[in-house]
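These notes concern the structure reproduced below.
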Amino acid sequence: MAIRIITDSASDIAPSHPRVTVVPMTVTFGETEYRDGVDLDANGFYELLVEGDQVPTTSQISPGAFTQAFEEATADGNNVVCITISSRLSGTYQSACLAAEGFDSRVFVVDSRNVTVGESVLVHRALQLVDEGLSAGEVAERLNAEKGDVRLVALLDTLEYLRRGGRVSAASAAVGGMLSIKPVVAVRDGAVEVIGKARGSKNGHNLLVKEIQRGNGIDVSRPLALGYTGLDDTLLRKYIEDAGWLWEDLVEELPVHQVGPTIGTHAGPGAIAVAFFSD
């Protein structure tokens with residue numbers, strides 16, 4: 001029986017991906033709601049974020065939205081593996097579990113314990129496992145066993161958007177701006193943590209590289225991905241160039257994703273992220 005992978009838009013998988021169904025989360029500016037990737041693409045989101053003075057919010061996906069996606073997939077004869085944003089960051093996982101209750105053993109829900117490119121590498125790992133001939137239940141079991149190997153590290157350009165969202169104080173953000181402080185964050189045990197701060201972009205890049213080097217290295221037999229926030233990937237390309245020795249002889253091409261509203265709301269433009277499976 002065929003297998004359909006379903007995920008939420010927090011994974012930053014392209015909505016038009018031919019082998020994946022993406023269920024949109026909701027981003028709200030003032031009184032206007034948009035479905036991520038449907039009514040508002042990433043470029044439109046960053047234009048509103050930078051040019052406007054409204055602080056956006058994001059909302060979890062409802063059980064009804066997942067039910068509709070599961071019904072469409074199973075009606076076409078598919079079993080489903082659904083991969084969601086970390087349950088510590090959103091109630092979306094719980095919504096997917098509630099919706100799956102009505103589909104017996106045809107829908108399997110996996111809490112990625114991650115977000116954005118960290119979630120996307122798990123989605124692409126699921127596609128690898130499907131290609132290897134595993135059943136939907138076996139794919140979900142393997143993902144649950146391997147998701148702890150995923151590492152996501154990101155360098156933010158500013159503390160301003162964390163301040164807007166109440167993650168840091170106004171005083172801390174102001175001092176950080178004056179000193180060109182670049183926060184480095186990681187996803188650990190399903191939550192986002194600030195793991196370091198560097199003065200200036202160069203030191204920030206160095207701290208990012210050091211964090212990537214921790215552990216047992218990068219397992220290039222499983223997916224990896226890079227992401228950027230904002231309207232262009234100039235900063236990410238500069239990082240790739242400066243840290244090219246990290247990737248040379250490992251992979252022919254680095255998959256690059258534009259990070260959408262779910263994380264872009266809190267990270268702001270000018271952030272870069274790396275996600276990979278540790279060896």
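The values are calculated or read from the model by the stated rules, or taken from the named source; none is laboratory data. Bear in mind that the values here come from a model prediction, so they are computed numbers and not experimental data. Here the Cβ positions follow ideal geometry from the backbone for every residue, glycine too, while neighbour counts run over all protein chains shown. In case anyone asks, the SASA skips ligands and DNA or RNA and just uses the protein heavy atoms, side chains included. Shrake-Rupley method; radii C 1.70, N 1.55, O 1.52, S 1.80 Å.
Only one of the listed residues (Thr84, Thr57, Thr7, Thr92) is open to solvent by 10 Å² or more (accessible area, probe 1.4 Å) and either within 21 Å of Arg125 (Cα to Cα) or among the hydroxyl-bearing types (Ser, Thr, Tyr) (or both). That residue is Thr57. When the strands (runs of 3 or more DSSP E) confined to the stretch 187-272 are screened for residues that are open to solvent by 20 Å² or more (accessible area, probe 1.4 Å) and either hydrophobic (A, V, I, L, M, F, W, C) or at pLDDT below 75 (or both), those reaching at least 3 such residues are found at 191-199. Gln68 fulfils the conditions (1) more than 18 Å from Thr116 (Cα to Cα); (2) at pLDDT 95 or above; (3) open to solvent by less than 70 Å² (accessible area, probe 1.4 Å) except for a single criterion, (3). Gly44 meets all of the listed conditions (1) surrounded by fewer than 16 Cβ atoms within 10 Å (Cβ to Cβ); (2) more than 20 Å from the chain's Cα centre (by Cα) but one, namely (2).
Filtered by the rule that a residue be closer than 19 Å to Val107 by Cα and either at pLDDT 95 or above or of a type in the set (S, T, N, Q) (or both), the stretch 12-26 gives Val20, Thr21, Val22, Val23, Pro24.
If you check Leu159 against the conditions, is it among the hydrophobic types (A, V, I, L, M, F, W, C) and either at pLDDT 95 or above or within 17 Å of the chain's Cα centre (by Cα) (or both)?
The answer is no for Leu159.
Scanning the stretch 10-41 for residues that are buried (at least 22 other Cβ atoms within 10 Å of the Cβ) and β-branched (Val, Ile, Thr) yields Ile13, Val22, Val23, Val27.
A quick yes/no check of all residues on (1) under 26 Å from Pro255 (Cα atoms); (2) assigned to a helix (DSSP H, G or I):
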position	(1), (2)
Ile6	yes, no
Ile13	yes, no
Thr28	no, no
Phe45	yes, yes
Asp53	no, no
Gly64	no, yes
Gly77	no, no
Leu89	yes, no
Cys97	no, yes
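Residue count for the stretch 104-151 under the criterion of being assigned to a helix (DSSP H, G or I), among the polar types (S, T, N, Q) and surrounded by fewer than 24 Cβ atoms within 10 Å (Cβ to Cβ): the result is 2.
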